[in-house]
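Asks: Encoded as structure tokens, here's the structure I'll be asking about.
The values are calculated or read from the model by the stated rules, or taken from the named source; none is laboratory data. Note that the structure is predicted; figures quoted are calculated from it, not measured. Cβ placement follows ideal geometry from the backbone for every residue including glycine, while neighbour counts extend to all protein chains displayed. Quick note on the areas: whole protein, heavy atoms, side chains included, nothing else; ligands and nucleic acids left out. Shrake-Rupley method; radii C 1.70, N 1.55, O 1.52, S 1.80 Å.
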Amino acid sequence: MRVNVSMSRPDLCNNAAARIERLKLAGLDHIQLSLQDSTRELNDFVTSTRTFALKQDAARLIKAHGYPMVLNCVLHRYNLPHVAQIIEMALDLGADYLELANTQYYGWAMLNRDQLMPTAEQLLQAEETVNRYREIIGGRCKILFVVPDYFERRPKACMSGWGSVFLGVAPDGAALPCHAARSLPGLVLPNVRDMPLSQIWYESDAFNTFRGDGWMREPCRDCDERHADHGGCRCQAWMLTGDPAAADPVCEKSAHHGQVVQTVQLARQPKQADERPLIFRSKENSLAL
């Protein structure tokens, strides 16, 4: 939900209430709301904006208009210790679903990976807290807990397989086989302004490049799990190996798996006083990179 930040908070609420009513009449069936922490201080720090109070207001509007509410909170080193408080906040706001999605390291998260990466102990404690709350609250709120790739032995089946179930359309009309497909070198994305969706899906090079398993190399080509994980994430393979056709380094069979292990181990080391601060997404930072 986009609002004009120059407005006063009461005006923001009135504007949002009118908009959410129009969305309801238009047929919108649910709304997902993101909060970054249970505290105003950390939420506003991570977003680099003053949004905590506005998001609380938005949560109440969502419930007041009869929507099932999905509350999302991306977890990382800074807020993992607050999982219990985040769950309590979700319950107070009447969330029907709470998605606690640990940071996956793409884009700006990759740029800040060393600052955001939790320890294995933090992750384990947070998951234990989630399981304890699941037993206590039952069906009152469904809590999802998504483990970061770096702590797994096998990669996730990214997009359930390239060109299998997902097609995204960017504002400029580019058709995307995955959300981060623009990052892959040499991938020419078709555009819905120039080509019908059926042709994009079945015939375009972009959607066929990593479809199926013909593109796979060892160790993926002969792996018994290749039809379950589809070789993992192509964007992650590119970021960590420089080769989008390589095995996802999250997999312990990858020759590059040591990078992932080292990154997780480094998270356990004491942080230095002069550690690089978080780099926030902004126009200025985007132009500087």
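Asks: Are any residues in the range 246-257 part of a helix (DSSP H, G or I) and among the polar types (S, T, N, Q), and if so, which ones?
Replies: From the range 246-257, those part of a helix (DSSP H, G or I) are 257; that's our starting set.
Selection gives nothing.
Asks: Sticking with this one: Kindly provide the set of residues from the range 174-218 that are open to solvent by 80 Å² or more (accessible area, probe 1.4 Å) and either more than 13 Å from ALA245 (Cα to Cα) or among the acidic types (Asp, Glu) (or both), ordered by number.
Replies: HIS179, ARG182, VAL188, ARG193, ASP194, LEU197, TYR202, GLU203, ASP205, GLU218
Asks: Starting from residues that are of a type in the set (A, V, I, L, M) and more than 21 Å from the chain's Cα centre (by Cα), keep the ones in the range 86-135 and report whichever is modelled with the lowest pLDDT. So that I can check it myself, show each step before the final result.
Replies: Within the range 86-135, the subset of a type in the set (A, V, I, L, M) is 86-87, 89-91, 93, 95, 98, 100-101, 109-111, 116-117, 120, 123-124, 126, 130.
Those left that are additionally more than 21 Å from the chain's Cα centre (by Cα): 91, 93.
Values: LEU91: 97, LEU93: 94.
The qualifying residue modelled with the lowest pLDDT is LEU93.
Asks: Can you tell me which residue within the range 5-14, out of those that are touching a helix residue (DSSP H, G or I) at 6+ places or on another chain (Cβ under 8 Å) and open to solvent by less than 80 Å² (accessible area, probe 1.4 Å), is modelled with the highest pLDDT?
Replies: CYS13
Asks: Oh, and also: Any residue at all in the range 15-34 that's under 18 Å from MET89 (Cα atoms) and touching a helix residue (DSSP H, G or I) at 6+ places or on another chain (Cβ under 7 Å)?
Replies: Step one: filter the range 15-34 for residues under 18 Å from MET89 (Cα atoms), giving 31-34.
Narrowing the set further to residues that are touching a helix residue (DSSP H, G or I) at 6+ places or on another chain (Cβ under 7 Å) leaves 31, 33.
For the range 15-34, residues under 18 Å from MET89 (Cα atoms) and touching a helix residue (DSSP H, G or I) at 6+ places or on another chain (Cβ under 7 Å): present.
Asks: I'd like to verify a number: residues in the range 256-281 that are farther than 17 Å from PHE151 by Cβ and in contact (Cβ under 8 Å) with a residue 24 or more places away in the chain, how many?
Replies: 7
Asks: Which residues, counting only those in the range 28-49, are modelled with pLDDT of 90 or more and surrounded by fewer than 15 Cβ atoms within 10 Å (Cβ to Cβ)?
Replies: Answer for the range 28-49, where residues must be modelled with pLDDT of 90 or more and surrounded by fewer than 15 Cβ atoms within 10 Å (Cβ to Cβ): GLN32, ARG40, GLU41.
Asks: Could we say that VAL260 is outside any loop (DSSP other than H, G, I, E, B), more than 16 Å from PHE166 (Cα to Cα) and not basic (Lys, Arg) here?
Replies: On the way: outside any loop (DSSP other than H, G, I, E, B): yes; more than 16 Å from PHE166 (Cα to Cα): yes; not basic (Lys, Arg): yes.
Criteria met by VAL260.
Asks: Here's a follow-up. Would you mind stating whether GLY66 is of a type outside the set (Lys, Arg), farther than 26 Å from PHE280 by Cβ, open to solvent by 30 Å² or more (accessible area, probe 1.4 Å) and not in a helix (DSSP H, G or I)?
Replies: Details: of a type outside the set (Lys, Arg): yes; farther than 26 Å from PHE280 by Cβ: yes; open to solvent by 30 Å² or more (accessible area, probe 1.4 Å): yes; not in a helix (DSSP H, G or I): yes.
Yes.
Asks: Right, here's the next one. Could you tell me which residue of the range 71-96 is farthest from PRO118 (Cα to Cα), considering only residues that are buried (at least 21 other Cβ atoms within 10 Å of the Cβ) and small (Gly, Ala, Ser)?
Replies: ALA95
Asks: Can you tell me which residue is surrounded by the most Cβ atoms within 10 Å (Cβ to Cβ) among those in the range 219-238 that are closer than 13 Å to HIS257 by Cα and either under 18 Å from the mean Cα position of the chain (by Cα) or charged (D, E, K, R) (or both)? It would help to see each step written out before you state the result.
Replies: Of all residues in the range 219-238, those closer than 13 Å to HIS257 by Cα come to 219, 232, 236-237.
Then keep just the ones that are either under 18 Å from the mean Cα position of the chain (by Cα) or charged (D, E, K, R) (or both); that gives 232, 236-237.
Values: GLY232: 24, GLN236: 25, ALA237: 27.
Of everything passing the filter in the range 219-238, ALA237 is surrounded by the most Cβ atoms within 10 Å (Cβ to Cβ).
Asks: Suppose the filter is out of contact with any strand residue (DSSP E or B) (no Cβ under 6 Å at 6 or more places or on another chain) and either aliphatic (A, V, I, L, M) or not in a helix (DSSP H, G or I) (or both); does ALA95 pass it? Lay out the reasoning, then the answer.
Replies: Details: out of contact with any strand residue (DSSP E or B) (no Cβ under 6 Å at 6 or more places or on another chain): no; either aliphatic (A, V, I, L, M) or not in a helix (DSSP H, G or I) (or both): yes.
So ALA95 does not fit the description; no.
Asks: Give just the number: which of (1) closer than 27 Å to TYR67 by Cβ; (2) open to solvent by 20 Å² or more (accessible area, probe 1.4 Å) does MET110 not satisfy?
Replies: Result: MET110 fails condition (1) only.
Asks: Sticking with this structure for a sec: Looking at GLY173, GLY138, which one is modelled with pLDDT of 95 or more and either basic (Lys, Arg) or farther than 21 Å from ARG268 by Cα (or both)? Explain how you work it out, then say what you get.
Replies: Working: GLY138 fails: modelled with pLDDT of 95 or more.
When all the criteria are applied, what remains is GLY173.
Asks: Which residues, counting only those in the range 128-173, are open to solvent by 60 Å² or more (accessible area, probe 1.4 Å), in contact with a strand residue (DSSP E or B) (Cβ under 9 Å, 6 or more places away or on another chain) and either part of a helix (DSSP H, G or I) or without any contact (Cβ under 8 Å) to a residue 12 or more places away in the chain (or both)?
Replies: The answer is ASN131, ARG134.
Asks: Pairs please, first residue from the range 73-98 and farther than 9 Å from ASP37 by Cα and small (Gly, Ala, Ser), second anywhere and open to solvent by 10 Å² or more (accessible area, probe 1.4 Å) and at pLDDT 95 or above, Cβ atoms under 6 Å, 6+ apart in sequence or on different chains.
Replies: The qualifying pairs are ALA84/THR129.
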